[in-house]
Amino acid sequence: MTPHEIAALAGCDLEYVYKALWSRDLIGYQRMHKGRWIIERSEVTRWLKGDDPS
């Protein structure tokens, strides 16, 4: 999923999603430096539940 999709799903601001990625509360990856963020759906579910990252 992309940060835009997650923000829409969670009903939160896009900046909030990016802050979660940068702080590693939400785990995702970028294929290239400064590339598009990719976050697995299971990770989004974990983040929305409020569970700690594994």
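Here is how the numbers come out for the structure above:
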| quantity | calculated |
| --- | --- |
| Magnitude of the charge dipole, the chain, Cβ model with Lys/Arg +1 and Asp/Glu -1, debye to 20 | 220 |
| Full-stretch length increase - L14, M32 - with 0.36 nm per residue and alpha-carbon distance subtracted | 4.4 nm |
| Estimated [θ] at 222 nm from DSSP helical runs (n ≥ 4, -39500 (n - 2.57)) normalised by residues in the chain, nearest 500 | -13500 deg cm²/dmol |
| Whole-number accessible area per residue in Å² for the chain, which is evaluated in the context of all protein chains at 1.4 Å | 74 |
| Positive-end residue, the chain charge dipole about Cα centroid, Cβ charges, pick of S23, A7, H33 | H33 |
| Net lengthening on full extension, S23/K49 (0.36 nm per residue, minus Cα-Cα) | 7.7 nm |
| Share of carbon and sulfur in the accessible heavy-atom surface of the chain [1.4 Å probe, %] | 51 |
| Pairwise Cα inverse-distance average, inverted: Kirkwood Rh of segment 1-53 (Å) | 10.9 |
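The values are calculated or read from the model by the stated rules, or taken from the named source; none is laboratory data. If you're wondering where the values come from, they're calculated on a predicted model, not measured in any experiment. All Cβ positions, even for glycine, are placed from backbone atoms using ideal geometry, and neighbour counts span all protein chains on display. All accessible areas refer to the heavy atoms of the entire protein, side chains included, with ligands and DNA or RNA removed. Shrake-Rupley method; radii C 1.70, N 1.55, O 1.52, S 1.80 Å.
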